[in-house]
Number of protein chains: 2
Amino acid sequence: MYTRRQTKILKTLETMNLDGLVLNAGASITYFTGLHFHLMERPVVLFVLRGQNPLIILPELEKEKLNHLSFELDSFTYPDNPALWPEVFNRACHRIGTRRLRMGYEPKQLRLLEYNLLTAAHRTLSFVDGDQAIACSRSIKDSKESDKMKKAVSIAQDALTMALVSAKIGMSEKELAAELVIQLFRHGSDQNLPFSPIVASGPNGANPHAKPSERKLADGDLVIIDWGATWQGYASDLTRTFAVGSVAPEYEHIHSLVTQANRAGRGKAGPGITCQAVDLATRSVIETAGYGECFTHRTGHGIGMECHEEPYIHAANAQILRPGMTFTVEPGIYLKGKNGVRIEDDVIITEQGSESLSSLSRELISIDKK
Amino acid sequence: MYTRRQTKILKTLETMNLDGLVLNAGASITYFTGLHFHLMERPVVLFVLRGQNPLIILPELEKEKLNHLSFELDSFTYPDNPALWPEVFNRACHRIGTRRLRMGYEPKQLRLLEYNLLTAAHRTLSFVDGDQAIACSRSIKDSKESDKMKKAVSIAQDALTMALVSAKIGMSEKELAAELVIQLFRHGSDQNLPFSPIVASGPNGANPHAKPSERKLADGDLVIIDWGATWQGYASDLTRTFAVGSVAPEYEHIHSLVTQANRAGRGKAGPGITCQAVDLATRSVIETAGYGECFTHRTGHGIGMECHEEPYIHAANAQILRPGMTFTVEPGIYLKGKNGVRIEDDVIITEQGSESLSSLSRELISIDKK
């Protein structure tokens with residue numbers, strides 16, 4: 001599988017007149033090799049090049065990870081003393097050849113740490129944004145990958161359902177978030193959650209990236225819960241908005257609008273449709289109702305091995321959706337100082353249209369227990 | 001507090017002939033401003049410069065975070081469409097001035113994403129490794145910071161104690177790790193653990209960075225548990241090694257050696273002592289006993305807002321320890337294909353010597369329950 005993925009990306013890169021890929025620790029190394037490395041103070045760099053074995057530079061204490069690989073991988077290891085790293089990078093770069101090389105890289109991933117070591121070791125290495133090329137492979141999920149995502153969604157849904165059993169008026173956002181995290185692990189999430197759950201009640205909900213606070217759920221609040229699980233390296237990312245006790249008619253109204261916008265976005269999504277058309281579909285529901293200014297972010301983002309990846313669903317993205325792409329549809333309305341609503345599902349593009357991986361009710365359910 | 005920290009770092013930078021700091025999302029932004037940003041596809045950049053307000057570039061949907069700051073902060077926000085980001089970076093860089101600027105940055109943190117935007121927007125910005133300057137501030141913990149670390153250690157210790165109650169022979173590494181994660185949250189850890197716990201039994205323990213597997217704890221194993229909690233943004237990182245049932249005399253012997261090495265390292269640590277002297281203290285115990293080749297990594301790493309930070313405790317680091325520095329002491333012996341032992345404590349340098357923040361027994365305790 002990994003050799004196939006490497007061969008495919010090299011073909012894509014060839015059409016861009018690129019010689020190969022240079023990757024540092026992160027999801028793409030895992031995608032192309034099955035190896036996991038955390039982004040740490042010790043750099044890990046993988047080269048994928050035509051006509052030669054892939055090559056990795058890594059800390060000595062990580063070399064056990066290279067046992068039992070299903071493909072040939074050249075490796076160069078370095079010890080703990082950073083003063084000795086440049087020499088190891090030199091030897092590795094000598095192995096790949098000192099000719100001029102145009103290499104695809106990931107601007108969101110590659111750090112100056114690796115870049116400085118690489119450019120010092122190989123003077124004619126040039127770096128070209130490889131995000132689109134990598135996305136051509138990674139954004140199209142095969143059935144094994146989408147099955148893992150479905151499982152990540154299912155774990156998240158079960159965990160929320162259980163966490164809601166203990167939700168009550170007067171509970172703090174933090175307490176509810178902690179219970180949700182415990183339930184995510186009880187239901188089998190990998191240990192690295194895609195992100196820490198958001199529980200944002202009342203005015204905190206007006207901040208799309210709020211952190212759970214000591215604020216207690218109060219009668220009349222809306223409460224946004226944005227959470228996800230990881231299963232075998234694949235993420236889910238969902239949001240539902242609940243009422244606490246009984247809420248004002250305006251809040252019921254904006255909840256209903258966001259539900260419609262979410263449905264419109266999912267309905268629009270399909271093969272051959274652009275990302276911007278999906279964004280337009282959710283946004284026009286909210287704009288038509290007069291709340292356009294209160295929908296302050298894009299409609300969604302791709303999801304897979306990373307919680308945020310290609311394709312990004314925003315108004316300026318003319319990229320065309322293809323079967324196997326997976327992304328979130330998450331419109332919201334944020335009323336500053338008052339409340340917020342967001343409803344988010346994970347969607348996969350099929351041959352015919354799209355399918356939501358998530359099925360949890362999108363109705364305005366009320367947390368009534370005291 | 002944040003203004004004081006900014007003033008202090010600017011003084012340090014002045015001695016290095018630097019004009020200021022340029023930081024992207026990560027712990028240092030939090031340290032100098034109190035603001036939290038995740039490292040994501042949307043870049044966040046903070047400038048700290050003499051004689052002007054600090055300035056931040058961030059996504060529009062994050063700007064709510066800037067309310068209620070205790071200091072003046074200029075801000076430039078950008079929308080979701082990446083094509084519009086360069087113009088915002090241009091305006092921000094115009095504000096800081098187009099004169100030649102030598103800026104400290106973090107090679108382990110700054111990505112090509114931010115670097116490309118910054119260098120396109122400000123042609124005479126030069127980037128100088130600022131890690132040491134930042135470490136002068138961040139590595140010396142004040143009493144509020146060390147109190148948070150003590151709490152992070154205490155949560156971790158309590159969580160392991162409870163997880164061990166359900167540990168038994170035949171349980172898989174993954175099951176024990178999952179139980180430990182749940183206990184970490186039950187005991188109040190922040191939602192972002194410093195790292196996913198390692199539970200590595202038998203031969204898996206010979207890989208210092210093993211991931212928990214389906215392997216079941218078996219009579220005669222050693223099992224390494226390496227785990228930590230986060231409390232108000234500060235990390236703990238501990239390791240203990242247990243016996244499963246009864247183990248071979250050689251394993252008891254290496255456990256005893258690593259315990260001695262750990263004690264020797266903690267005993268050596270103190271103000272005025274070099275990092276390499278601490279490394280030598282642990283290493284010589286293990287080398288003298290003939291296991292030098294089996295201690296494959298440095299003695300430890302600094303810990304605080306990041307789980308790995310300055311100072312790094314390795315044989316080539318002549319840096320001098322000062323009161324308030326916090327780091328791990330974690331010698332190990334790894335017998336390839338057989339077993340591994342590691343014992344790790346978090347230590348703070350005091351005026352007189354050093355103090356271990358962790359007090360959990362380092363004896364070879366046996367998991368006997370079936």
Report summary line: Across B:133, B:318, B:281, the residue with the highest GNM fluctuation in chain B (Cα network, 10 Å cutoff) is B:318
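Please list, by residue number, every one of the trypsin sites (Lys or Arg not before Pro) in the range A:19-90 that is coil in DSSP and has at most 15 other beta-carbon atoms within 10 Å. Each step should come with its number before you reach the end.
Working: sites: A:50, A:63, A:65; in loops: A:50.
Here the trypsin sites (Lys or Arg not before Pro) that fit, given the DSSP loop and packing criteria, are A:50.
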Report task. Once the label point is placed 7 Å from Cα along Cβ, list for residue A:91 the distances to the corresponding points in the other copies, in nm, shortest first. Result -> 5.2
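Provide the packing ranking of B:118-125, B:301-308, A:363-370, i.e. peptides ordered by the mean count of other C-beta atoms within 10 Å per residue, highest first. Intermediate results must be reported in sequence, preceding the final value.
Working: B:118-125: 17.1, B:301-308: 23.1, A:363-370: 14.1.
So the order, starting with the most tightly packed, is B:301-308, B:118-125, A:363-370.
If you take the accessible area of A alone plus B alone and subtract the pair, what total do you get in square angstrom, rounded to 100, with a 1.4 Å probe?
Details: alone 16170 and 16210 Å², together 28130 Å².
Between A and B, the summed buried area is about 4200 Å².
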Query raised in the report: Other chains' Cβ within 10 Å of B:102-108 residues: what's the mean?
Result: 3
Requested in this report: Using only atoms on other chains, find how many Cβ atoms lie within 10 Å of each Cβ of peptide A:189-202 and report the average.
Outcome: 3
Report summary line: Rounded to a whole number, the mean other protein chain Cβ count within 10 angstrom for residues of B:109-119 is 5
Query raised in the report: Using alpha carbons only, how many degrees (0 to 90, rounded to 10) separate the axis of helix B:143-165 from the longest principal axis of chain B?
Result: 40
**Report entry** P(r), alpha carbons of the range A:2-138 - 10 Å bins starting at zero, rounded %
**Finding:** 12, 48, 36, 4, 0
Query raised in the report: Just by accessible area at a 1.4 angstrom probe, what is the order of A:40, A:1 from largest to smallest?
Result: A:1, A:40
**Report entry** Principal-axis tilt of helix B:112-121 within chain B, Cα atoms, nearest 10 degrees
**Finding:** 10
Report task. Arrange the residues B:219, A:221 by how much accessible surface each exposes, largest first, with a 1.4 angstrom probe. Result -> B:219, A:221
Query raised in the report: Which distances, shortest first and in nm, link residue A:253 to the matching position in the other copies, using label points set 7 Å out along Cα to C-beta?
Result: 8.1
Report task. Using only the alpha carbons of the range B:1-53, determine the length spanned along each of the three principal axes and report them from longest to shortest in whole angstroms. Result -> 34, 22, 17
Query raised in the report: With chain B treated as a Gaussian network of Cα nodes joined by springs under 10 Å, which of B:349, B:333, B:320 yields the largest mean-square fluctuation?
Result: B:320
Report summary line: Yeah, the range B:238-370 with a ≥ b ≥ c from its alpha-carbon gyration tensor (a/c under 1.5 is rounded, else prolate when a/b outruns b/c, oblate otherwise) is prolate
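Pop out the carbon and sulfur fraction of the accessible area of the range A:149-303 as a percent, whole number, probe 1.4 Å.
Working: 2710 of 5190 Å².
With neighbouring chains kept in place, the figure for the range A:149-303 is 52 percent.
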Query raised in the report: Could you state the principal axis extents of the C-alpha atoms in the protein assembly as shown, from the largest down, to the nearest angstrom?
Result: 77, 60, 54
Query raised in the report: Taking the Cα-to-Cβ direction at residue B:370 and at residue A:366 and moving 7 Å from each Cα, how far apart do the two end points lie in nm?
Result: 5.6
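Quick one: ranking A:138, A:91 by accessible area, 1.4 Å probe, largest first, what do you get? Let's see the in-between values first.
Values: A:138 15, A:91 110 Å².
Highest to lowest solvent-accessible surface, that is A:91, A:138.
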Query raised in the report: What is the antiparallel percent of DSSP beta bridges lying wholly in the protein assembly as shown, to the nearest 5?
Result: 75
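From the helices alone, meaning DSSP H stretches of at least four residues, give me the mean residue ellipticity at 222 nm for chain A, per-run term -39500 (n - 2.57), in deg cm²/dmol to the nearest 500.
-10500 deg cm²/dmol
Please calculate how many Å² of accessible area the protein assembly as shown carries per residue, with a 1.4 Å probe and no DNA, RNA or ligand atoms counted. Mind dumping the intermediate values first?
Working: 28130 Å² over 740 residues.
Per-residue value: 38 Å².
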Query raised in the report: When the distances between all Cα atoms of the range B:179-311 are binned every 10 Å from zero, what whole-number percent does each bin get?
Result: 11, 35, 37, 16, 1
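Based on the alpha-carbon gyration tensor of the range A:44-88 and its eigenvalue square roots a ≥ b ≥ c, which shape applies: rounded if a/c is under 1.5, prolate if not and a/b is larger than b/c, or oblate? Working shown, then result.
Numbers: a/c = 3.48, a/b = 1.48, b/c = 2.34.
Oblate is the answer for the range A:44-88, as a/c is 1.5 or above yet b/c matches or exceeds a/b.
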Report task. Sticking to Cα atoms, compute the Rg of the range B:140-367 to one decimal and its Dmax as the biggest Cα-Cα distance, whole number, in Å. Result -> 16.5, 48
Query raised in the report: Where the accessible area of the range A:1-83 is counted over protein heavy atoms with a 1.4 Å probe, how much of it, in %, is carbon and sulfur?
Result: 48
Report summary line: Inter-copy distances for residue A:77, label 7 Å out on the Cα-Cβ vector, sorted ascending, nm, one decimal, are 4.9
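The values are calculated or read from the model by the stated rules, or taken from the named source; none is laboratory data. All values derive from a computational prediction rather than experimental measurement. For neighbour counting, all protein chains shown are included, and Cβ atoms are generated from backbone atoms with ideal geometry for every residue, glycine included. Surface accessibility is based on the protein's heavy atoms, side chains included, excluding ligands, DNA and RNA. Shrake-Rupley method; radii C 1.70, N 1.55, O 1.52, S 1.80 Å.
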